[in-house]
Amino acid sequence: MIGVTLESVSKRFAGAGDTAAVDDVDISIDAGEFFTLLGPSGCGKTTTLRMIAGFYFPTSGRIRFGGEDVTRKPPNKRDTGMVFQNYALFPHLSVAQNVGYGLKIRKVRGADARSRIAEALDQVHLAGYGDRRIDQLSGGQQQRVALARALVIRPRTLLLDEPLSNLDAKLREETRTEIRRIQRDAGLTSIYVTHDQAEAMAMSDRIAVMESGRVRQIGTPQEIYHRPATTFVARFIGRSNVLSLPVLAADAISVEVRLADDTSRTVAAPREHGLTESATALISIRPEHIGLCGPDEPEALAGRITDLEFTGMATNLTVDVSGQELMVATVEVPDGLAVGDRIGLRLPAARMWVVHP
Ligand code: ADP
Ligand code: MG
């Protein structure tokens with residue numbers, strides 16, 4: 001097992017002007033960790049992964065596998081197993097031939113190759129499928145062949161680029177559990193790329209949230225969910241309300257903000273929040289952390305329901321509070337609640353958090 005480190009890594013593509021596809025990225029991935037690059041389409045996830053695999057070289061910066069500098073090494077000198085979104089399988093070859101492809105290149109042959117192919121197919125629960133043709137397999141099975149092909153070379157790191165995006169929702173959830181099991185059993189340092197925040201949250205030890213080529217935050221799913229660094233992260237991971245509120249007082253780790261005329265809250269803030277009295281703070285609060293009460297109760301924000309949607313697990317409300325729309329998710333809905341009703345919202349200070357713009 002080895003860790004992977006990116007130090008100030010940037011990538012500029014020729015002819016793409018001044019904008020960097022990946023811009024000064026620092027990431028340190030622990031040995032055996034399941035680490036995810038998460039962000040919207042075009043934010044630089046694939047480019048980052050391809051630099052780790054060796055398909056692209058960085059314009060500047062360094063990449064290390066353990067103590068070894070691999071920045072300028074070709075892919076076949078890095079021992080990485082790669083799984084692509086479209087699987088990139090050879091349709092005219094058998095399952096065993098596909099899985100064995102990397103062994104052939106590495107000149108592993110005969111009984112040795114056969115036993116390693118069988119072992120890899122066993123790992124992905126496809127024992128006995130070696131002689132099938134690729135076009136005789138379901139999408140989920142093809143995905144597992146792609147995984148077996150990456151594992152058969154006994155890689156030092158496993159790199160996966162949106163491997164589940166061609167599967168339907170149910171299979172996607174089953175397969176993500178499966179990938180995690182295989183990764184854990186093999187103790188493989190794994191770097192996973194996705195734009196799906198639920199997938200990232202469910203699978204990862206840690207996540208790097210990317211936007212416009214930059215890493216905005218690195219942390220465990222819990223840290224990123226409860227302490228988002230920026231407005232973008234707060235809104236991209238789950239759903240979040242971000243309120244602009246006047247600052248009444250501030251110290252190193254908290255900020256007192258005015259919530260309404262006679263109501264204030266003291267809210268935890270990240271260090272270097274840079275806020276002072278009379279500035280405007282951005283405060284995030286999750287829809288499920290807002291409570292409901294009567295509109296005229298003290299300390300409550302009064303508003304009017306403009307939308308109400310029942311999802312089974314919860315009811316999602318949109319509430320207009322003096323022109324600002326807040327999302328509220330609640331499991332317990334008062335009887336007869338309807339669009340147009342006045343309602344009170346409780347925003348507990350402990351659930352509020354200062355974010356950067
Ligand atoms: P993601 O995987 O997060 O969707 P990519 O890493 O594929 O994002 O792309 C990041 C940015 O780099 C995008 O603006 C994309 O258009 C650009 N880009 C990616 N590959 C190339 C390339 N080979 N040549 C020029 N621009 C590229
Ligand atoms: Mg991509």
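The figures follow:
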| item | result |
| --- | --- |
| Verdict on Tyr225 being away from ligand 1 (no atom under 16 Å from the Cβ), of a type in the set (Ser, Thr, Tyr), crowded, with 18+ Cβ neighbours inside 10 Å and under 30 Å from Ala269 (Cα atoms) | yes |
| Output for segment 208-230, where each listed residue is under 16 Å from Phe34 (Cα atoms) and within 16 Å of ligand 2 (Cβ to nearest atom) | Ala208, Val209 |
| Count of segment 333-355 residues which are modelled with pLDDT of 95 or more and surrounded by 13 or more Cβ atoms within 10 Å (Cβ to Cβ) | 12 |
| Of the criteria (1) closer than 30 Å to Val267 by Cβ; (2) aliphatic (A, V, I, L, M); (3) part of a helix (DSSP H, G or I), which one Ala148 fails | (1) |
| Output for segment 104-148, where each listed residue is modelled with pLDDT under 95 and polar (S, T, N, Q) | Gln123, Gln136, Ser138, Gln141, Gln142, Gln143 |
| Conditions (1) without any contact (Cβ under 8 Å) to a residue 24 or more places away in the chain; (2) farther than 30 Å from Asp23 by Cα; (3) part of a strand (DSSP E or B); number of the one not met by Ala249 | (1) |
| Residue within segment 165-181 that is within 16 Å of ligand 1 (Cβ to nearest atom) and of a type outside the set (A, V, I, L, M) present | yes |
| Segment 32-88 - residue that is of a type in the set (Phe, Trp, Tyr) and within 19 Å of Gln143 (Cβ to Cβ) and, of those, modelled with the lowest pLDDT | Tyr87 |
| Helices (runs of 4 or more DSSP H) contained entirely in segment 1-112, each with at least 3 residues that are surrounded by 13 or more Cβ atoms within 10 Å (Cβ to Cβ), within 19 Å of the chain's Cα centre (by Cα) and not small (Gly, Ala, Ser) | 45-53 |
| Residues being free of Cβ contacts under 8 Å to residues at least 12 places away in the same chain and closer than 21 Å to Thr46 by Cα - total across segment 66-119 | 1 |
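The values are calculated or read from the model by the stated rules, or taken from the named source; none is laboratory data. Since the structure is predicted, the reported quantities are computational estimates derived from the model, not experimental observations. With ideal geometry, Cβ positions are generated from the backbone for all residues, glycine too; neighbour counts draw on all protein chains shown.
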